[in-house]
Amino acid sequence: MSEAVLIVLITSMGGTFLTVVGAIVQQIFATKDLKREEKKTQTITKETKEVAEETMQETKEGFGDLKDIMLSQDLIIDLLLRDRLRHLLRSYQDKTEVPYADKELIVEMHQIYQKRGHNGTIHTMFEAFDKLKVI
């Protein structure tokens, strides 16, 4: 084909040619926009995962702290129970009788103390207390 024929063909198809080129350009830009949006989504997803992992780690550390607090509370309960039992048992060391309500309370406290794995001096004191006459 000659140049002149091509020019005539391009000129006669000018509107159609420009429409096709415009559609191709729009498709190129749409593809770039889509890729940009996918990259944003990937970035957001990655950031969300990082935040979730940090939150999980902080939660695990928080439970570690909670476990320490609970152990501390158990220790405090043990100390208070032992102190109270020792005080009550000493108050009956030189006596021969014990009121029923006091005996009931001290026996219950001693049972709890034993269930928590303690015996020793408190148990020895309790054995002497347990021989007292209930009134």
*What residue, among those in region 49-80 that are at pLDDT 75 or above and hydrophobic (A, V, I, L, M, F, W, C), is surrounded by the most Cβ atoms within 10 Å (Cβ to Cβ)?*
Ile77
*Ile122: of a type outside the set (Ser, Thr, Tyr), under 27 Å from Gln73 (Cβ atoms), free of Cβ contacts under 8 Å to residues at least 24 places away in the same chain and crowded, with 17+ Cβ neighbours inside 10 Å, yes or no?*
no
_Enumeration of residues in region 100-118 that are of a type outside the set (D, E, K, R), more than 35 Å from the chain's Cα centre (by Cα) and exposed (fewer than 11 other Cβ atoms within 10 Å of the Cβ)_ = Tyr100, Ala101
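The values are calculated or read from the model by the stated rules, or taken from the named source; none is laboratory data. Quantities reported herein were computed from a predicted structural model and do not represent experimental measurements. Because the Cβ atoms are built from the backbone with ideal geometry, glycine has one as well, and the counts that use them run over all protein chains shown.
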